[in-house]
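Scroll down for the structure; my scribbles are underneath it.
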Amino acid sequence: MKLYEYLAKQRLAEHGVPTGGGIVCTTPAEAEEAARKIGPCAVKAQVLVGGRGKAGGIKLANTPEEAKARASEILGMNLKGYIVDKVLIDPQLTIEKEFYVSITLDGMAKLPLIMASAAGGVEIESVPHDQIVFSHVNIATGLLPFQAREIARKIGLKGDLAKQFVKVLTGMYAAFRKYDAELVEINPLALTDGGTRLVAADGRFNVEDDALFRHPEFPVVEEGTELEKKVKAIGLAFVQLDGDIAVMANGAGMAMGTLDTLAHYGGRPANFLDAGGGSGVEPTAQAFDALLATGPKAIFVNIFGGITRCDLVAEAIIQVKKSKGINVPLVVRMVGTNDVRGRELLAENGIAAFTEMGEAARAAVKAAYGKEA
């Protein structure tokens, strides 16, 4: 379970990590009152999605009146499929430098893994491997002071800042263990006050679902956009992304491979959808409803028929097209059981049908953007 930023910071603050002391608010009036206590602030949407700043979910305010106005703009907004119902009023920080630090579980080593970098403020995936410090923690001994000091040295911190970093990392590890976390992340860990103080400017905290029974103090945080929740309710595995080519595949591995292939040819997937083995009209219609709700420029259906018969999938797609209408280009790749008959049926109804995934992906990209991949 993912925790909102304000909940993550509360867990960190409990263990001595400086977080700025933000106040969570649910109304513009509360935001105004919070800003009177905090001073110049950042009004931050509390949603379980990244990229809030670029999407308009983080705004600065210099006065309580501005904080009220910014909160009015953010509360109720649809931010990447999430409706904002809370904002965090955080003190504005003058940041000299940004660091990254996290603790997660290394499934291969079966140990907690610390990752730290002097290149903070960006997605850790975009940081070159040689600019990241990796350090496993021995469960039996826990995080030892010398280990934390060595990590601080490797990311360029010394003197009092190294001591502050050791306190931050020690607190993170204590919270990680106490709350059965899968991930504790601070990005950025901001160097402020003229380069004299480290503050957690943002925080992520993911708790292992199977350990939630040990933590009744946590509120229930429902993950997913409204569309993801709706699709989950009908029994389909669906994740909304930020692209514009909708994807349906039968099998999680096939769906992941489809996303990668589209991206390879310049496409931007709008979703992950594992339609499983269902090939009937109703489950196919429900799947297409979910796809069309993302507002795609094209739909790419990728079917590998095993137990699933390709001809039945084709018949279901045709019936959906006739009964509900599909108002965007549709590209289908189909191989496996009864695939020849399935492709014949689709071709007879004006639907592009392919056998090779790369060729189909290129066709989907061309259909979406009007240019060759």
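Brief remarks on what is shown
- Alpha-carbon spread of region 309-373, three principal axes, descending order, Å: 31, 27, 15
- Rounded D (µm²/s) - region 226-369, Kirkwood Rh over Cα pairs, Stokes-Einstein at 37 °C, 0.692 mPa s: 227 µm²/s
- Low-density loop positions, GluC sites (Glu not before Pro), region 283-359 - DSSP coil, at most 14 other Cβ in 10 Å: E356
- GluC sites (Glu not before Pro) within region 74-180: DSSP coil, no more than 12 neighbouring Cβ in 10 Å: E123
- Eligible lysines near K158 by straight Cα distance, threshold 19 Å, same-chain separation 8 or greater: K97, K167
- Dipole check for the chain: with +1 at the C-beta of Lys and Arg, -1 at the C-beta of Asp and Glu, and the Cα centre as origin, the magnitude is about 480 Debye.
- A P(r) calculated from all alpha carbon pairs of the chain, with 10 Å bins opening at zero, reads 5, 20, 24, 21, 18, 9, 2, 0 percent.
- Using the empirical formula 2.2 N^0.38 Å as the baseline, the Cα radius of gyration of region 97-214 reaches a ratio of 1.02.
- For R36, R309, order by how many other beta-carbon atoms lie within 10 Å, fewest first: R36, R309
- Cα pair distances in region 20-91, grouped into 10 Å bins until the bin that holds the longest one, percent each: 26, 57, 17, 0
- Classified by the C-alpha gyration tensor, region 115-166 has an oblate form. Its axis ratio a/c, with a ≥ b ≥ c, is 1.5 or above, and a/b does not exceed b/c.
- Check: region 222-367 dipole with +1 on Lys, Arg Cβ and -1 on Asp, Glu Cβ, in debye: 320 debye
Each reported figure results from applying straightforward, stated rules to the coordinates on display, with no laboratory input. Just so it is clear, the model here is predicted, and its values are computed rather than measured. All Cβ positions, glycine included, derive from the backbone under ideal geometry; neighbour counts span all protein chains shown.
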